[in-house]
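Worksheet: the structure to be examined is printed underneath.
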Amino acid sequence: MSKKELGLAVLLIVIGGFTAILNPLFLSSVNLLNMANLIGLFGVFSIGQGLIIITGGIDLSVGSMFALLGVILVDLLVNYELPWPLAVLIIIGAGTTLGLLHGLLVTRLRLQPFVVTLCGLLIYRGIARYYTADSTMGFGYAGDIDTITWLASGRSFGIPNPFLFLVVVAAVMGVVLHRTVFGRYLYAVGRNDEAARHSGINADAVITGAYLLGGGLAGLATVLLVFYTSSVSPSSFGNFYELYAIAAAVLGGCSLRGGEGSILGIVLGTVLLQILQNLVNILGIPSSLNFAVMGGVILLGVIADQQLGRRKQKAQLQRSQALAAAE
Amino acid sequence: MQPLLELTGIGKTYPGVRALDGVSLHLDRGEVLGLIGENGAGKSTLMKILGGVVPPSEGRIRIGGMEYPHLGVATATRAGLAFVHQELNLFDNLDVAANILFGREPLRGGPLRLLDRRAAHERVRPILARLGADFSPDTPVAELSIAQRQLVEIARALAAEARIIILDEPTSSLTLSETARLLTLVKELRAAGVGLIYITHRLGEIVDCADRVVCLRDGRLVGALRREEIEHAAMIRLMIGRELRALYTPPAQPPGEGGLEAAGLVTGAFPGRALDLHIRPGEILGMAGLVGAGRTSLARTLFGIDPPLAGTIRLDGRPLAIRSPKDAVAAGIYLVPEDRKRAGLVLEMPIVENVTLASAPNYARMGLMHRAAEWKASETQRAGLRIKAPSSATRANTLSGGNQQKVVLGKWLSMAPRVILFDEPTRGIDVGAKGEIYGLMRALADRGVAILMISSDMEEVLGVSDRIVVMHEGRISGGLERAGFSEQAVLRLAIGHGEPARAEAAQA
């Protein structure tokens, strides 16, 4: 655990403790389980967003992707009556394909990630609304979806399944990012793609890989989110979720310049965001202030992080200079 | 007569580091003062103090008899100081005139304070003419070459009608003819009564234009030379505090067969020109030429960054298709790039991750990095190359230029080099570390590695190479064997005057 993550964890405990003192209901099992569920839902796609941010990119399209993939998922299950494993596989595959498309547009045509995924945000939302004629899609009397409903929104050992999904995704992605060659390349390309290319690394493939993983995780998140709300209204489903994901990643230590961040940090960032949301409710703060509280805390976090980073850099510089001078 | 600029007992202490200690110097009207010293000697700190960027910890600054306790950037400019920086500080989204007159734009329209573009161009045109610039005031800076941008920097100092001009490595990216023009200009300015401080690693220019030389070492003034004392050996002795031993070390054995052979190679930079090149194992092949002669494009092509338009590349006789750096690295052809901060290193990463960047899969088991093995490899390189850092966990951006270059080398030495292409391997590196880099190159050659050394530093090309080839406008204009090495021969080929027939005979 790095100092950055430790700081974030301490902040979590302080804010959590504070809230618990003001309103003990914060620690009630109902509230904790509810939060765990939301952390699971948001954490899965925040990790995908984080991977993309580490390459120096960004994905603004995830919220709209949820709407588009969400209506397709309901359609596949209700109208086409596909068996659920197949439907889920199609959705994750479709998410991966969209991610691949974004990656290719960014690396082959050298388009800016912001622009590519902003267009995605507009296009996917538009198609979702057109496809459903803007009407909400629900499961109604759909056939055999009990298993997937339980899997995506039920509980195991008393813990919400989305949270368990997040634990698995975080563990796998943690190994991928922090232990594999691909992960090493991801950081190198995010920090300095020129030097990475000069070391024989196929930087385009690495970047595309991050978008691909991000898309796949967005597909998985779609399934969880659809069964959480159990209906999809194409004009509002997933609105702003890309911003929650970016906020979680940035809070968790990812720099939008690329090359920085960790899976643990992103998960902690997601947890902090959900605690803040919950705190607004539970402390009776007017819910209209919700966004303002979130924005304020992110701003403070980023400022603190930057000041600490500068001090650390300075100390290291002095150490090497002192050593060089001693020669 | 009162000196134009007088520094007395200037000291600067950063936490834990004494950057400058009791530096006193003066500059008179119509004088060129050469300032030399290795990297880290304190030259840039001194310049920052003069420019008003950082305040001195102690000491006095007098300009034209006036004492300035706190020299800010604006005060320095008002006092008549101007800088020509090594790193270009230009706005490349503006045109030439706007850059030259930045902060002093002619206005019209009274209270509206509109920019008067025509007056600006009128004012800039004679300055450009004086510099012999081949571009007009309304050219966007983005369209200029690095050398042309350097001229814009100089024009800026002229436009400010500065009394004191400080030139910090002004020729590092200029061609020979542009350098000659700059030196003429320096002499003109001196005749007009301007005081100049000339900082450079290129000692020949100091010999050419300086009236006096002062040398900094470890933050102290270690000596001064009068006009008649200025010569290479004396300056090097001052800079490093000892005699520099002869550069050239002969190879342990004659060059072997095979190596890298390029035939009919056409690079993207010069689509009409084909060239042949042979780098033999065990030799250091020096490559000289003017800036823009196509040397860097050739290196980039051989390394697969800009794939060739035509031609064949053979390694030890076997044909090789190099379409990307990945192919080159797999074949054992490595590039130590000119711009090490941008292309050689990931500055924010620790030494260990930089060393294993190109060979990460070798330290992985089933896709998972084996950190202990990686660390061991990096520590081996750190010890072998004598990289001055507390440990392999030190981040690359805290190292000096020479140590950064060693990390780049460590990356390639930890693998299996067959051919290493060095592009300006010692640019911006101090004299002591230069010697180490040359020693490493020789050791590699003696292990049978074929080495190409692209360099604009004549002393280096003549002093380190076993053989020299010279490029001119995208082709090889000739080659020289060690016996035929001379500055004149290299220059003649560099400006395209060598007879190709004789040059080829020399190369064979």
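The values are calculated or read from the model by the stated rules, or taken from the named source; none is laboratory data. From a predicted model like this one, the values you see are computed outputs, not experimental measurements. All Cβ positions, even for glycine, are placed from backbone atoms using ideal geometry, and neighbour counts span all protein chains on display.
Inspect the stretch B:384-399 for any residue being under 23 Å from B:PHE303 (Cβ atoms), surrounded by fewer than 24 Cβ atoms within 10 Å (Cβ to Cβ) and not small (Gly, Ala, Ser) and give the result as yes or no. Show your work before the answer.
Within the stretch B:384-399, the first condition is being under 23 Å from B:PHE303 (Cβ atoms), and the residues that meet it are B:385, B:396.
Next, from what is left, pick out any that are surrounded by fewer than 24 Cβ atoms within 10 Å (Cβ to Cβ): B:385.
Checking the rest, the ones that are also not small (Gly, Ala, Ser) come to B:385.
Yes - at least one qualifying residue is present in the stretch B:384-399.
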(message) Being more than 14 Å from every other protein chain (Cβ to nearest Cβ), among the polar types (S, T, N, Q) and buried (at least 17 other Cβ atoms within 10 Å of the Cβ) narrows it down to one residue among A:ASN161, A:ASN192; which is it?
(response) A:ASN161
(request) Could you list, in sequence order, all residues of the stretch B:360-401 that are within 25 Å of the chain's Cα centre (by Cα) and among the charged types (D, E, K, R)? (result) B:ARG382, B:ARG386, B:LYS388, B:ARG395
(request) Give the residues of the stretch A:195-220 that are crowded, with 24+ Cβ neighbours inside 10 Å and either acidic (Asp, Glu) or in contact with a strand residue (DSSP E or B) (Cβ under 8 Å, 6 or more places away or on another chain) (or both), sorted by residue number. (result) A:HIS198
(request) Could you figure out which of (1) part of a helix (DSSP H, G or I); (2) surrounded by 13 or more Cβ atoms within 10 Å (Cβ to Cβ); (3) out of contact with any Lys or Arg (no Cβ under 7 Å at 6 or more places or on another chain) isn't true of A:GLN306? (result) (2)
(message) Six or more apart or on different chains, Cβ atoms under 6 Å: show the pairs whose first residue is in the stretch B:394-423 and in contact (Cβ under 8 Å) with a residue 24 or more places away in the chain and over 30 Å from B:ILE313 (Cα atoms) and whose second is among the polar types (S, T, N, Q) and not in a helix (DSSP H, G or I).
(response) B:GLY401/B:ASN39
(request) Return the residue satisfying two criteria in turn: it lies in the stretch B:94-134 and is in contact with a helix residue (DSSP H, G or I) (Cβ under 6 Å, 6 or more places away or on another chain) and not in a helix (DSSP H, G or I), and of such residues it is nearest to B:ILE165 (Cα to Cα). (result) B:LEU101
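For the stretch B:287-302, state whether one or more residues are of a type in the set (Gly, Ala, Ser), surrounded by fewer than 21 Cβ atoms within 10 Å (Cβ to Cβ) and farther than 17 Å from B:ILE454 by Cβ.
Filtering the stretch B:287-302 down to residues of a type in the set (Gly, Ala, Ser) leaves B:288-289, B:292-294, B:297, B:299.
When the remaining residues are screened for being surrounded by fewer than 21 Cβ atoms within 10 Å (Cβ to Cβ), the result is B:292, B:297.
Restricting the remaining residues to those that are farther than 17 Å from B:ILE454 by Cβ gives none.
No - not one qualifying residue is present in the stretch B:287-302.
Pull up the stretch B:179-204, narrow it to residues that are closer than 22 Å to B:LEU493 by Cβ and under 16 Å from the mean Cα position of the chain (by Cα), then point me to the one that is surrounded by the most Cβ atoms within 10 Å (Cβ to Cβ).
Keep residues of the stretch B:179-204 that are closer than 22 Å to B:LEU493 by Cβ, which gives B:179-181, B:202, B:204.
Checking the rest, the ones that are also under 16 Å from the mean Cα position of the chain (by Cα) come to B:179, B:202, B:204.
Working: B:THR179: 19, B:ARG202: 17, B:GLY204: 15.
Top of the filtered list is B:THR179.
Please pick out the residue among A:PHE26, A:PHE42, A:PHE18 that is in contact (Cβ under 8 Å) with a residue 12 or more places away in the chain and farther than 29 Å from A:ARG129 by Cβ. Walk me through how you get there before you give the answer.
On the way: A:PHE42 fails: farther than 29 Å from A:ARG129 by Cβ; A:PHE18 fails: in contact (Cβ under 8 Å) with a residue 12 or more places away in the chain.
Among A:PHE26, A:PHE42, A:PHE18, only A:PHE26 is in contact (Cβ under 8 Å) with a residue 12 or more places away in the chain and farther than 29 Å from A:ARG129 by Cβ.
Tally time: how many residues in the stretch B:316-330 are more than 9 Å from every other protein chain (Cβ to nearest Cβ) and either modelled with pLDDT of 95 or more or under 15 Å from B:ALA299 (Cβ atoms) (or both)? Lay out the reasoning, then the answer.
Kept after step one, since they are more than 9 Å from every other protein chain (Cβ to nearest Cβ), are these residues of the stretch B:316-330: B:316-323.
Pick out the ones that are also either modelled with pLDDT of 95 or more or under 15 Å from B:ALA299 (Cβ atoms) (or both) and you get B:322.
Matching residues across the stretch B:316-330 total 1.
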(message) Can you confirm whether B:THR13 is part of a strand (DSSP E or B), out of contact with any Lys or Arg (no Cβ under 6 Å at 6 or more places or on another chain), polar (S, T, N, Q) and surrounded by fewer than 17 Cβ atoms within 10 Å (Cβ to Cβ)?
(response) yes
(message) Taking the condition of being under 23 Å from B:ARG492 (Cα atoms) and small (Gly, Ala, Ser), how many residues in the stretch B:422-479 meet it?
(response) 8
(request) Please state which of the following conditions B:ALA373 fails to meet, knowing it meets all the rest: (1) more than 23 Å from B:LEU440 (Cβ to Cβ); (2) within 10 Å of chain A (Cβ to nearest Cβ); (3) out of contact with any His (no Cβ under 8 Å at 6 or more places or on another chain). (result) (2)
(request) Restricting attention to the stretch B:331-346, report how many residues are out of contact with any Pro (no Cβ under 8 Å at 6 or more places or on another chain) and at the interface with another protein chain (Cβ under 7 Å from one of its Cβ atoms). (result) 4
(message) I'm trying to understand the selection: among the residues of the stretch B:47-93, which are assigned to a loop (DSSP other than H, G, I, E, B) and of a type in the set (Val, Ile, Thr)?
(response) B:VAL53, B:VAL54
(message) Checking B:ASP316 against (1) closer than 27 Å to B:LEU247 by Cβ; (2) surrounded by fewer than 24 Cβ atoms within 10 Å (Cβ to Cβ): exactly one of these is not met. Which one?
(response) (1)
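Every residue in the stretch B:435-448 that is in a helix (DSSP H, G or I) and surrounded by fewer than 24 Cβ atoms within 10 Å (Cβ to Cβ), please.
Looking only at the stretch B:435-448, we keep the residues that are in a helix (DSSP H, G or I), and these are B:435-446.
Within the stretch B:435-448, B:GLY435, B:GLU436, B:ILE437, B:TYR438, B:GLY439, B:LEU440, B:MET441, B:ARG442, B:ALA443, B:LEU444, B:ASP446 qualify.
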(message) Given the options A:GLY253, A:GLY269, A:GLY261, name the one that is touching a Cys at 6+ places or on another chain (Cβ under 9 Å), part of a loop (DSSP other than H, G, I, E, B) and surrounded by 15 or more Cβ atoms within 10 Å (Cβ to Cβ).
(response) A:GLY261
(message) When the residues of the stretch B:51-70 are narrowed to those that are under 31 Å from the mean Cα position of the chain (by Cα) and surrounded by fewer than 21 Cβ atoms within 10 Å (Cβ to Cβ), which ends up farthest from B:GLY428 (Cα to Cα)?
(response) B:SER57
(request) Of the numbered conditions (1) aliphatic (A, V, I, L, M); (2) in contact (Cβ under 8 Å) with a residue 24 or more places away in the chain; (3) more than 14 Å from chain B (Cβ to nearest Cβ), A:LEU177 fails exactly one; give the number of that condition. (result) (3)
(request) With the condition kept exactly as written, say whether any residue in the stretch A:99-108 is on the phi > 0 side of the Ramachandran plot and either in contact with a Pro (Cβ under 9 Å, 6 or more places away or on another chain) or at pLDDT below 95 (or both). (result) no
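For every residue, the table says whether it meets (1) more than 14 Å from chain A (Cβ to nearest Cβ); (2) out of contact with any Asp or Glu (no Cβ under 8 Å at 6 or more places or on another chain); (3) surrounded by fewer than 22 Cβ atoms within 10 Å (Cβ to Cβ).
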{"site": "B:VAL408", "(1), (2), (3)": "no, yes, no"}
{"site": "B:ALA416", "(1), (2), (3)": "no, yes, yes"}
{"site": "B:ASP423", "(1), (2), (3)": "no, no, no"}
{"site": "B:ALA450", "(1), (2), (3)": "yes, no, no"}
